[in-house]
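Trainee: Okay, here's the structure, questions in a sec.
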Amino acid sequence: IANIAHQWRQPLSLISTASSGLKMQKEFKVLTDEIFYSSVNSITNATQYLSQTIENFKNFFTPRLQKEYFSLDDTIQKTLTLVSSELKRKDIGIINKIDDIEILSYENDLIQVIINIINNAKDAFTKESGNFIFIDTELTNKTKNINIKIKDNAGGIPDEFLGKIYEPYFTTKYKSDGTGIGLYMVMEIIQKHMQGTISVKNVSYTYDSKEYRGAEFIINIPIK
């Protein structure tokens, strides 16, 4: 719901501003054809964006009981679209290198997993700028499995918490900010539903000639 709200805030503001502007200019008899058509086009584009957002979230919440073929690259782009407003609000850049391959699995489950991991990274950032999340894929076991690696530059997870983050109700956040269910459900989905594994570690790395440290999640799932 929070993601939907952030996605809708800007287009709704645009619609309100454009319609108020049209009304005012009409009352003052200064409304030109150019302004009219420009404003109407802006409103039309914004409503189409809202409609597409509804469709994206409706598809996300539609349960899938059967495995389906889907493009991994398309799926990760869908995921980033769902959280794009929140990422933009916190000035988080996404650096991705995704293999454009087709896999047989549960797409919505994978979207839910990636959203959870991205949201955890988002909440870990304390800086107002220079925040990054990296998403990479890597074929393994002679292309029978694929690794999806998601890492940030938020400083890493305290060592004493690394072995606990998948426990139900464990959280490092204030009680009002989290329940700990997110990563527990991520592990349940990956292991029990998608027959894969998930691991996490702290990593140090260089990007754009700068040294960074952060948490790296590695999701390993079968391609078929």
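The values are calculated or read from the model by the stated rules, or taken from the named source; none is laboratory data. All values derive from a computational prediction rather than experimental measurement. So basically every Cβ, Gly included, is an ideal-geometry build from the backbone, and we count neighbours across all protein chains shown. When the accessible area is computed, the model is the full protein with side chains, heavy atoms only, and any ligands, DNA or RNA have been set aside. Shrake-Rupley method; radii C 1.70, N 1.55, O 1.52, S 1.80 Å.
Trainee: Using the alpha-carbon atoms, what tilt in degrees (0 to 90, nearest 10) does helix 72-82 show relative to the longest principal axis of the chain?
Mentor: 50
Trainee: Sort 144-151, 108-115, 156-163 by packing, meaning the average of other beta carbons within 10 Å per residue, with the highest value first.
Mentor: 108-115, 144-151, 156-163
Trainee: Okay, moving on. Could you tell me the calculated FRET efficiency between Glu68 and Lys90, based on Cβ-Cβ distance and R0 = 45 angstrom, to the nearest 0.05?
Mentor: 0.90
Trainee: Would you mind calculating the gained length between Ala5 and Glu102 on full extension (0.36 nm times residue separation, minus the Cα-Cα distance), in nm to one decimal?
Mentor: 31.8 nm
Trainee: How large is the helix-only mean residue ellipticity at 222 nm for the chain, computed as the sum of -39500 (n - 2.57) over DSSP H runs with n ≥ 4, divided by its residue count, in deg cm²/dmol to the nearest 500?
Mentor: -14500 deg cm²/dmol
Trainee: To the nearest 10 degrees, how steep is helix 33-61 against the longest Cα principal axis of the chain, on a 0 to 90 scale?
Mentor: Taking Cα atoms only, the helix is inclined about 30 degrees.
Trainee: Okay, next question. Any chance you could run the full-extension gain for Tyr205 through Met24? It's 0.36 nm times the residue separation minus the Cα-Cα distance, nm to one decimal.
Mentor: 59.7 nm
Trainee: I've got another one for you. As an exercise, use a Förster radius of 45 Å and the Cβ-Cβ distance of Asp33 and Gln191 to find the FRET efficiency, rounded to the nearest 0.05.
Mentor: About 0.15, to the nearest 0.05.
Trainee: Specify which labelled value, from (1) 1.62; (2) 1.09; (3) 1.21, agrees with Cα Rg over 2.2 N^0.38 Å derived from the coordinates of the model shown.
Mentor: Answer label, from the structure shown: (3).
Trainee: Separate question: Run the accessible area of the chain with a 1.4 Å probe and give the carbon-and-sulfur part as a rounded percent.
Mentor: Of all accessible area on the chain, carbon and sulfur atoms account for 52 percent.
Trainee: List, in the order given, every pair from Lys142/Lys201; Lys90/Lys151; Lys67/Lys192 whose Cα-Cα distance in the structure shown is over 18 Å.
Mentor: Long pairs (Cα-Cα over 18 Å): Lys142/Lys201.
Trainee: At 1.4 Å probe radius, can you tell me the per residue accessible area of the chain in Å²?
Mentor: I get 60 Å² per residue for this part.
Trainee: What whole number of Å gives the distance from the Cα centroid of region 117-148 to the Cα centroid of region 38-112?
Mentor: Between the Cα centres of region 38-112 and region 117-148 lies a distance of 16 Å.
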